[in-house]
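The structure under discussion appears below in the form of structure tokens.
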Amino acid sequence: MNLANKITVFRVILVPVFLLVLYSNITYSTYIATAIFVFAALTDTLDGHIARSRNLVTNFGKFFDPLADKILVSAALIYLVEIRKIPAWIVILIIAREFSITGFRIIAASEGITIAASPLGKFKTITQLIAIPLLLLDNWPFHKLNIPLDMILLYIALFFTLFSGIDYIYRNKKVLNLDDI
């Protein structure tokens with residue numbers, strides 16, 4: 001297993017650590033868990049850079065890297081629903097989109113079609129990865145300014161989650177033989 005893939009696997013291993021810390025009674029558990037989340041999110045950039053710069057792109061990485069991101073984000077969002085920081089319907093839509101696009105990509109791959117990440121999908125990921133730490137930290141430091149940046153970014157992330165999902169399917173409708181759409 002190459003270095004990029006090891007970093008990806010490490011990111012998945014960090015998810016239960018993130019959750020264990022969140023549910024623990026240790027002092028500053030939310031801050032520590034948020035730091036773990038941010039670190040895990042940053043490893044996504046690192047493993048991608050290593051894979052591309054060292055020509056270490058593998059099928060394992062192509063499959064597992066986006067899956068690792070989805071597991072991390074889903075775990076955090078479900079926790080935020082559990083503690084009643086965000087509404088469940090938002091998380092349901094986000095996770096449904098992720099399942100749908102993953103399935104869509106599997107169908108495309110079975111037909112020899114590779115669907116590259118789009119700028120909209122990347123923006124979706126970035127807004128999610130910024131909103132989640134803000135939500136975990138009660139919108140610090142923006143709560144002092146009465147700016148609900150955590151919720152603003154969550155709704156922006158939701159918009160780009162749905163819009164990028166529709167865009168993926170529309171731009172690649174040939175995969176599903178939807179030429180009449």
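The values are calculated or read from the model by the stated rules, or taken from the named source; none is laboratory data. What you see is a predicted model; the values in this text were computed from it and never measured. Here the Cβ is made from the backbone with ideal geometry for all residues, glycine too, and neighbour counts use every protein chain on show.
How many of the residues making up the range 69-83 are in a helix (DSSP H, G or I), closer than 19 Å to P148 by Cβ and not small (G, A, S)? Before the answer, list the steps.
Narrowing the range 69-83 to residues in a helix (DSSP H, G or I): 69-82.
Filter again for closer than 19 Å to P148 by Cβ, leaving 76-77, 80-81.
With the extra rule that they be not small (G, A, S), the set shrinks to 77, 80-81.
Matching residues across the range 69-83 total 3.
Kindly provide the set of residues from the range 71-83 that are buried (at least 21 other Cβ atoms within 10 Å of the Cβ) and among the β-branched types (V, I, T), ordered by number.
Of everything in the range 71-83, just one residue is buried (at least 21 other Cβ atoms within 10 Å of the Cβ) and among the β-branched types (V, I, T), namely V73.
Here is a yes/no grid of residues against (1) under 23 Å from T43 (Cα atoms); (2) basic (K, R):
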position	(1), (2)
T114	no, no
K124	yes, yes
I132	yes, no
L137	yes, no
H143	no, no
A157	yes, no
L162	no, no
G165	no, no
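Within the range 145-181, can you find the residues that are modelled with pLDDT of 95 or more and more than 19 Å from the chain's Cα centre (by Cα)?
The answer is L145, N146, I147, P148.
Yes/no per residue for (1) assigned to a loop (DSSP other than H, G, I, E, B); (2) assigned by TED's automatic domain parsing to the domain that holds P148:
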residue: T8; (1), (2): no, no
residue: V21; (1), (2): no, no
residue: L42; (1), (2): no, no
residue: L67; (1), (2): no, no
residue: L93; (1), (2): no, yes
residue: I101; (1), (2): no, yes
residue: I115; (1), (2): yes, yes
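Out of the range 50-104, which residues are on the phi < 0 side of the Ramachandran plot and basic (K, R)?
Restricting attention to the range 50-104, the residues satisfying the condition of being on the phi < 0 side of the Ramachandran plot are 50-54, 56-83, 85-104.
Of everything in the range 50-104, those that are on the phi < 0 side of the Ramachandran plot and basic (K, R) turn out to be R52, R54, K62, K70, K85, R97.
Identify, please: which residue in the range 84-100 is under 14 Å from M151 (Cβ atoms) and of a type in the set (K, R) and is, among those, surrounded by the most Cβ atoms within 10 Å (Cβ to Cβ)?
Only one residue fits best here, namely K85.
Scan the range 45-56 residue by residue and report those that are touching a residue at least 40 places away in the same chain (Cβ under 8 Å) and surrounded by 14 or more Cβ atoms within 10 Å (Cβ to Cβ).
Within the range 45-56, the subset touching a residue at least 40 places away in the same chain (Cβ under 8 Å) is 47-48, 50-51, 54, 56.
Within the range 45-56, D47, G48, I50, A51, L56 qualify.
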